[in-house]
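Colleague: Below is a structure I'd like to ask you about.
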C-alpha cells in the first residue's frame, strides 16, 4: 500500500514482510498473495506485473 501504485518486487516484499533468514527462492510470496486475492474477492486489486513484481491496481471509478 505504501508503494502508492508502484510495482514492488518479490524480493522487496520478502525484505519487508519476512525476516532475513527466509529462503530467497521460496514461493511464499505467490502463496500469500494468492490467499490474499481469494479473501479480497472481485474485482482483483492485486496485479502481477510479469517479470517485475506486484502492484495494487488503481480503483475503478
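Colleague: Give the number of residues within the stretch 21-61 that are farther than 17 Å from residue 7 by Cβ and part of a strand (DSSP E or B).
Modeller: Result for the stretch 21-61: 0.
Colleague: Here is a further query. Please list, ordered by first then second residue, the pairs with beta carbon atoms under 7 Å, 6 or more apart or interchain, first in the stretch 1-17 and touching a residue at least 24 places away in the same chain (Cβ under 8 Å) and on the phi < 0 side of the Ramachandran plot, second assigned to a helix (DSSP H, G or I) and surrounded by 14 or more Cβ atoms within 10 Å (Cβ to Cβ).
Modeller: Qualifying pairs under 7 Å: 10/29; 13/29.
Colleague: Can you confirm whether the stretch 15-35 contains a residue that is modelled with pLDDT of 85 or more, in contact with a strand residue (DSSP E or B) (Cβ under 7 Å, 6 or more places away or on another chain) and exposed (fewer than 13 other Cβ atoms within 10 Å of the Cβ)?
Modeller: No, every residue in the stretch 15-35 fails to be modelled with pLDDT of 85 or more, in contact with a strand residue (DSSP E or B) (Cβ under 7 Å, 6 or more places away or on another chain) and exposed (fewer than 13 other Cβ atoms within 10 Å of the Cβ).
The values are calculated or read from the model by the stated rules, or taken from the named source; none is laboratory data. Please read these numbers as outputs of a predicted model, since none were measured by experiment. Neighbour counts are summed over all protein chains in view; Cβ atoms, including those assigned to glycine, are modelled from backbone coordinates with ideal geometry.
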